[in-house]
1. In region A:162-202, which residue that is touching a helix residue (DSSP H, G or I) at 6+ places or on another chain (Cβ under 8 Å) and among the small types (Gly, Ala, Ser) is farthest from A:THR36 (Cα to Cα)?
2. Would you be able to tell me the number of residues in region B:1-17 that are at the interface with chain A (Cβ under 7 Å from one of its Cβ atoms) and at pLDDT below 80?
3. Among the residues of region A:10-58, write down those that are out of contact with any strand residue (DSSP E or B) (no Cβ under 9 Å at 6 or more places or on another chain), of a type outside the set (A, V, I, L, M, F, W, C) and more than 14 Å from chain B (Cβ to nearest Cβ).
4. Is there a residue being over 15 Å from A:ARG151 (Cβ atoms), in a helix (DSSP H, G or I) and not hydrophobic (A, V, I, L, M, F, W, C) anywhere in region A:177-189?
5. Name every residue in region A:77-131 that is charged (D, E, K, R) and not in a helix (DSSP H, G or I), in order of residue number.
6. Can you run down the residue pairs with Cβ atoms below 7 Å, 6 or more apart or on separate chains, where the first is in region B:46-60 and in a helix (DSSP H, G or I) and the partner is basic (Lys, Arg)?
7. Kindly evaluate A:THR65 against the criterion of being modelled with pLDDT of 95 or more, over 30 Å from B:LEU15 (Cα atoms) and in contact with an Asp or Glu (Cβ under 6 Å, 6 or more places away or on another chain).
8. May I ask you to list pairs of residues, at least six apart or on different chains, whose Cβ atoms are under 9 Å apart, with the first in region B:224-235 being touching a residue at least 12 places away in the same chain (Cβ under 8 Å) and of a type in the set (D, E, K, R) and the second being crowded, with 21+ Cβ neighbours inside 10 Å and part of a helix (DSSP H, G or I)?
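The values are calculated or read from the model by the stated rules, or taken from the named source; none is laboratory data. Keep in mind it's a predicted model, so treat the numbers as computed, not measured. Here the Cβ positions follow ideal geometry from the backbone for every residue, glycine too, while neighbour counts run over all protein chains shown.
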Amino acid sequence: MALIEAVDIRKRYRSGEVEAQALNGVSLSVQAGAFTALAGPSGSGKTTLLNIIGTLDRPESGTLTVAGRDVLSLSAAERAAFRLSHIGFVFQAYNLIRVLTARENVAYVQQLQGVSAAERNAVADRLLAEVGLDGMGDRRPDQLSGGQQQRIAVARALATSPDIVLADEPTANLDSHTGESLMQLMQQLNETRGTTFLISSHDPLVLAHARQVVHLRDGLVQEDASA
Amino acid sequence: MFDLSIYLKLGWRNLWLHPLRTGLTVAALALGIAALTFLSAMNDGWLQQIRTNFALTMTGHLQIHASGFQQTLKLARHIKDPAQVMQALDGLAGIHSVTSRLRVSGLASVAGANAGALVYGVEADKERHLSRLAGFVTQGRWLLDSDDRAVVLGDGLADRLQVALGDKVVLMAALDNGDIASEVFRVRGLLHSGVLDIDDLAAVVPLGRAQQWLDMGQGVTDIVVRADDFEQVTGLVDQLRQRLHAGDGSQSAAADSSGYEVMSWSEIDPMAEQWSAFADAYTWIVLAVVILVVLAEVLNTMLMSMHERSREFGLMGALGVRDSQMFFMVIWETVILVSVGSVLGFMTGGWAVWHFGKVGIDLSQFAVAFSFMYMSPVIHPLLAFDSLLGILGAAILGAVVAGLFPAWKAARLDPAAAMREV
């Protein structure tokens, strides 16, 4: 069974009198352990689809199963708990909590789960080492480069050992060298940990690393290319 | 179980992201709390003075009379057997001292002048231990147990009669049967209490001579009790009412079969208690206004902080922070902000209370007005534990109230929309 099974997902946005169809009947299947890219130009619906899969948004219609759960039937509190346990997020703008150190940022999600301080700090340190930031646990985000901050975001996304990591334009704010390095890191984590990655991007660098590329245009899947 | 320490950590660090803004808010809070602390202590200080002065100047903490005496002040309603009452007082804990008095309205007269007087027959030595009357003597001396026809006059009464130490004064009063009796006394002392009712009216004479003059036998009108402190009064009054099967002075003598009334200082003259209630109400109004103003500042700070950090709140929501956790996180942050201001405010206000509690605040220019209220012209602020709790409670409650709206907004944020905001 697929880890993500989306069928005929439709989503409209309304801004005053203007209505825009963001997703126009998208169906998508992502297997566990996949390293998949959602490709497409701006406005094609990549972020909307990612938000819906990540239970941050709800479609008007369609069905969606993530990790065996019908996530569209969950209440707000259940969705929050589901995200905490099953989904890791990496955002374009890093989105770290600026008053927390690198270690605290990574450990934050585990603290929400009630994991003891000793255990979550050990996990955070191990993950920071895994993403190449060994010894930088006490630094605040503003003391780190963009690439380093995004690596912390990746470490945070993995802290709860989620079923899937959703990454929205993770390389958009990085130079190509740093972007390449980040993609190599995510690919490596996918291979060593078996964590599923679904990455939205129109960056060729990302698409080059993906084993499956789903092309979106105008809210529709145009092409599903598996490497 | 969810670890709350992250809220404290986030709250504390977020506050200091904008040190100037937080500093100004904390300073406003601290100033408000300090002002409230000091105002409350002033209030507590002068209320304590009023109560103490009222009780110790003359009234005592409680008095026992024959039923109906306090309402009528008629000699006919006197305690015929004081020994029986004294027996009831035996073995009661919390009593500092006891004395008997004979109190009657009369006329003081000298050649060419006379004036209304309130005559007190007192047990000279016991009175010295119970009230401050002896300490108020400014000329001459207080009564001695061996005195017979000596009188100590309030200095205002002496002025009106134009008498000095050693002069003779005739005191007249109506007897139980309606006859007028008079007695000659020699002025041995003049007193000044600062209380007009005493200074302008009091003529204090030995109890024995007063009983003889007024044909009272062993009878007295008041048995006055000074308790160890105000905390003892209610218990003592209750016990004495039980032991004497006495009333509280509110019922008529006919309705009171026991023959006695036991009255606390506040029942004898409700003025001090009413002042206390009035001052409390006034303080709470001021407290509410100050807290409101300060909390408007806190609310503004929190809303600005919320607005700036909506991305961060959106992120937290995306990571799995529940609405309720978001709500309490913002409440916590407000409580931390108010707590910092409150601690500084209490320290500043506490220092002012401590300092002025030692040196006092001299308001002598208002001494005449104060004398009506048994207030001393120098006020020593005194912060009562209840008042401290009241201010602290109001500050924390206010913090929670001020945090409710930002917290509600944070809890309702749509994570995806919030993260799109720049």
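1. Restricting to residues being touching a helix residue (DSSP H, G or I) at 6+ places or on another chain (Cβ under 8 Å) and among the small types (Gly, Ala, Ser), the top hit is A:SER176.
2. Here the count works out to 3.
3. Those that are out of contact with any strand residue (DSSP E or B) (no Cβ under 9 Å at 6 or more places or on another chain), of a type outside the set (A, V, I, L, M, F, W, C) and more than 14 Å from chain B (Cβ to nearest Cβ): A:GLY16, A:GLU17.
4. no
5. A:ARG98
6. What qualifies is B:LEU56/B:ARG132; B:THR57/B:ARG132.
7. Yes: the conditions hold for A:THR65.
8. Partner pairs satisfying both residue conditions: B:ARG226/B:ALA55; B:ARG226/B:LEU130.
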